[in-house]
Amino acid sequence: MENSALLYIYLFILASFIGFELINKVPPTLHTPLMSGANAISGITLVGAILILDQSSSDLNSILGLAAVVLATVNVVGGFMVTDRMLQMFRQTNKNE
Amino acid sequence: MIETLFDNDLITPISYIGSTVLFILGLKLLGSPVTARKGNLLASVAMLVAVLTTLIDKTSISLNLILTGVLIGSVIGAILARMVKMTAMPQLVAAFNGFGGAASAFIAISQYFYYSSADESTIPITIVISIMLGSIIGLITFSGSMIAFGKLQDILPGQPIKLPFQNSVSTILVLVTLSLAMYLVGVDLDTNIFILFIILSLLLGILLVNPIGGADMPVVISLLNSYSGLAAAAAGFVVGNIILIVAGALVGAAGLILTQIMTRAMHRSIWNVIFGTFGGSADSQANTGDSIGERPVRRGEVDDIAMMLSYAKTIVIVPGYGLAVAQAQHQIREISDLLEKRGAEIKYAIHPVAGRMPGHMNVLLAEADVPYTKLYDLDEINESFSSTEVAIVVGANDVTNPAARDEPTSPIYGMPILNVDQAKQVVVIKRSLSPGFAGIDNDLFYAQNTTMLFADAKVAITELSRAIQES
């Protein structure tokens, strides 16, 4: 168990560095879509919500699990869709040109 | 062969690796305007892979319940994403942030009750620490995002709400909350203590965002975005799931970078945003307050300014927060189309903190069909102001104040600004001479080459367009 905790910390640090490198040079034009896209990715907590709902042992756990699934799904689906809607509007030239 | 793969549980780790790679590629592609849409699509595929893998891996007894939850969430999410106005994007992101944070907190809280009902000696301390981290970060994200939502939606007052002894109260609250967590980790899983810990965590989120004003919202939203990623990562530690940790860490880092970009654009530190209010002491505000309105300004008439614009060959438009408030982005696009037809070259100068969240102004102008190739960043545009005939400032203030560049005594000295004052002619469209968020006077308004047009942005630009058409 302690070993897997260390592995998790290791992964967390490496992934953070990748995150820093990926985002560092993004042009300001994309900051809002980037943020809402990243926000949708943080909805990955949906996977955790599914896991706890599956093993739930009491009513309280089931309620918390179901609420987590609903909220995380709103985050994921809404986040990706609204990001796509925004990015659709970005164009290089006027459409009437 | 496939049978054994399933038996060995290899399918799940391999799918998770694939999902991780897709998340990273997606984030990378999100970094360029040409590929961003593809990047978003890749990230959503990554999410789908991760969720389906989890559903298949756990031959679930509660599959129906899970699918019901996913269906409800999808419908709500899709409706919100379709209905939202682009001006309301910061609120929506704040709300989604809060939902993600709450979901992560619920996971941690649910696991607390799962473990505390079991035999305590079997709980690894790493799990208990993860539960505390997941709860506190998730709950702060939730309550903080809800306050941010309220402020952005104008349900709560936008001005900073500073309670007496705010900073000391916050500090004590942080210490008490942390001691409760340490008691739970080190001594005993006492449910009453845990519930108190939950309440205090929620309170911390409120106290974190409440004192922060509208102008600082881009910083707060970025910070909360980072927290929602960290909360997901903490939930990953709780349930022992690698994909949560990796994706959560990616988002945490991305949010932190944006926070840093925003604070740099305001020339402030994150501590200053959270613990201080802008403009420094009350004295300096009182001093500048006296002088406002006493210095002479040149007022312009619509027809004269329309004439000036009609003959200009190079024009830079500087949109600010006020433009977003007046929702005049479509009118701005119309007038620039008009001027372009007359042969003028139009550029837009976008300060990093224009709008209410990072990059917000770019989205608003994109919605009004302004091509992003005409939008210029601070560094790109500042050299060209000296060769610009007319600069039009609409609803921007502090980010054009030359004092930030020239006067070391100014409270905003050092903040990167747009060098609007270097243009041959400057037109400022503004409701009044009232100071911006920094609470200080703007020398630009009194400069020789500046003409003020006192009006609502939308009305003024519509009238200008009409006058140009008639001329």
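The values are calculated or read from the model by the stated rules, or taken from the named source; none is laboratory data. Everything numeric here is computed off the predicted structure, so don't read it as measured data. Reconstructed Cβ throughout: ideal geometry from the backbone, glycine too, with neighbour counts over all protein chains shown. Accessible surface areas use protein heavy atoms only, side chains included; no ligands, DNA or RNA. Shrake-Rupley method; radii C 1.70, N 1.55, O 1.52, S 1.80 Å.
What number of residues within the stretch B:351-389 satisfy the criterion of being of a type in the set (Gly, Ala, Ser) and under 22 Å from the mean Cα position of the chain (by Cα)? Walk me through how you get there before you give the answer.
Let us first name the residues in the stretch B:351-389 that are of a type in the set (Gly, Ala, Ser), namely B:354-355, B:359, B:366, B:368, B:384, B:386-387.
Filter once more, so that each one left must be under 22 Å from the mean Cα position of the chain (by Cα): B:354-355, B:359, B:366, B:368.
Of the residues in the stretch B:351-389, 5 are of a type in the set (Gly, Ala, Ser) and under 22 Å from the mean Cα position of the chain (by Cα).
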Under the condition of being under 12 Å from B:Glu367 (Cβ atoms) and touching a Leu at 6+ places or on another chain (Cβ under 7 Å), which residue from the stretch B:74-91 is least open to solvent (accessible area, probe 1.4 Å)?
-> B:Met86
Please enumerate the residues belonging to the stretch B:23-61 that are open to solvent by 20 Å² or more (accessible area, probe 1.4 Å) and not in a helix (DSSP H, G or I).
-> B:Ser32, B:Pro33, B:Val34, B:Thr35, B:Lys58, B:Thr59, B:Ser60, B:Ile61
Selected residue (criterion: nearest to A:Asp84 (Cα to Cα)) from residues of the stretch A:47-56 that are part of a helix (DSSP H, G or I) and open to solvent by 10 Å² or more (accessible area, probe 1.4 Å) | A:Leu51
What number goes with the only condition from (1) on the phi > 0 side of the Ramachandran plot; (2) touching a Lys or Arg at 6+ places or on another chain (Cβ under 7 Å) that B:Gly355 does not pass?
-> (2)
Pairs, please: C-beta under 6 Å, at least 6 apart or cross-chain, first residue at the interface with chain A (Cβ under 7 Å from one of its Cβ atoms) and free of Cβ contacts under 8 Å to residues at least 40 places away in the same chain and in the stretch B:232-245, second assigned to a loop (DSSP other than H, G, I, E, B) and aliphatic (A, V, I, L, M)?
-> B:Leu244/A:Ile44
What are the residues in the stretch B:22-33 that are free of Cβ contacts under 8 Å to residues at least 24 places away in the same chain and either more than 8 Å from chain A (Cβ to nearest Cβ) or at positive phi (or both), if any?
-> B:Leu25, B:Leu29
Per the filter on the stretch B:181-217, residues open to solvent by less than 20 Å² (accessible area, probe 1.4 Å) and part of a loop (DSSP other than H, G, I, E, B) are B:Pro211, B:Ile212, B:Gly213
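Any idea which of B:Leu309, B:Leu364 is of a type in the set (A, V, I, L, M, F, W, C), open to solvent by less than 10 Å² (accessible area, probe 1.4 Å) and touching a Ser or Thr at 6+ places or on another chain (Cβ under 9 Å)? First the steps, then the outcome.
Numbers: B:Leu309 fails: touching a Ser or Thr at 6+ places or on another chain (Cβ under 9 Å).
Result: B:Leu364 is the single residue among B:Leu309, B:Leu364 that is of a type in the set (A, V, I, L, M, F, W, C), open to solvent by less than 10 Å² (accessible area, probe 1.4 Å) and touching a Ser or Thr at 6+ places or on another chain (Cβ under 9 Å).
Against the condition touching a helix residue (DSSP H, G or I) at 6+ places or on another chain (Cβ under 8 Å), under 16 Å from B:Ala108 (Cβ atoms) and in contact (Cβ under 8 Å) with a residue 40 or more places away in the chain, how does B:Leu223 come out, does it pass? Before the answer, list the steps.
Working: touching a helix residue (DSSP H, G or I) at 6+ places or on another chain (Cβ under 8 Å): yes; under 16 Å from B:Ala108 (Cβ atoms): no; in contact (Cβ under 8 Å) with a residue 40 or more places away in the chain: yes.
Criteria not met by B:Leu223.
For residues that are touching a helix residue (DSSP H, G or I) at 6+ places or on another chain (Cβ under 6 Å) and open to solvent by 10 Å² or more (accessible area, probe 1.4 Å), tally how many sit in the stretch A:58-75. Even if it seems obvious, please write down each step before you answer.
Of the stretch A:58-75, the ones touching a helix residue (DSSP H, G or I) at 6+ places or on another chain (Cβ under 6 Å) are A:60-61, A:64-75.
In the following step, the residues that additionally are open to solvent by 10 Å² or more (accessible area, probe 1.4 Å) were identified as A:60, A:64, A:66-67, A:70-71.
Within the stretch A:58-75, residues that are touching a helix residue (DSSP H, G or I) at 6+ places or on another chain (Cβ under 6 Å) and open to solvent by 10 Å² or more (accessible area, probe 1.4 Å) number 6.
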What's the number of the condition B:Arg356 fails, among (1) part of a loop (DSSP other than H, G, I, E, B); (2) more than 9 Å from chain A (Cβ to nearest Cβ); (3) surrounded by fewer than 20 Cβ atoms within 10 Å (Cβ to Cβ)?
-> (3)
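From the list B:Ser110, B:Ser44, B:Ser62, which one is modelled with pLDDT of 95 or more, in contact with a helix residue (DSSP H, G or I) (Cβ under 9 Å, 6 or more places away or on another chain) and facing chain A (nearest Cβ under 7 Å)?
Working: B:Ser110 fails: modelled with pLDDT of 95 or more; B:Ser62 fails: modelled with pLDDT of 95 or more.
Exactly one of B:Ser110, B:Ser44, B:Ser62 is modelled with pLDDT of 95 or more, in contact with a helix residue (DSSP H, G or I) (Cβ under 9 Å, 6 or more places away or on another chain) and facing chain A (nearest Cβ under 7 Å), namely B:Ser44.
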Out of all the residues in the stretch A:45-73, which are facing another protein chain (nearest Cβ under 7 Å), among the β-branched types (Val, Ile, Thr) and without any contact (Cβ under 8 Å) to a residue 12 or more places away in the chain?
-> A:Val47, A:Val70
Residue among B:Val251, B:Val220 that is under 17 Å from the mean Cα position of the chain (by Cα), at the interface with another protein chain (Cβ under 9 Å from one of its Cβ atoms), farther than 16 Å from B:Leu139 by Cβ and assigned to a helix (DSSP H, G or I) | B:Val251
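Of all residues in the stretch A:1-45, which are more than 21 Å from B:Gln260 (Cα to Cα) and either open to solvent by less than 10 Å² (accessible area, probe 1.4 Å) or not in a helix (DSSP H, G or I) (or both)?
As a first pass, look at the stretch A:1-45 and keep what is more than 21 Å from B:Gln260 (Cα to Cα): A:1-11, A:43-45.
If the condition is that a residue be more than 21 Å from B:Gln260 (Cα to Cα) and either open to solvent by less than 10 Å² (accessible area, probe 1.4 Å) or not in a helix (DSSP H, G or I) (or both), then A:Met1, A:Gly43, A:Ile44, A:Thr45 are the ones that fit.
From B:Ile429, B:Ile381, which residue is among the hydrophobic types (A, V, I, L, M, F, W, C), out of contact with any Asp or Glu (no Cβ under 8 Å at 6 or more places or on another chain) and closer than 25 Å to B:Thr462 by Cα? So that I can check it myself, show each step before the final result.
Working: B:Ile381 fails: closer than 25 Å to B:Thr462 by Cα.
The conditions single out B:Ile429.
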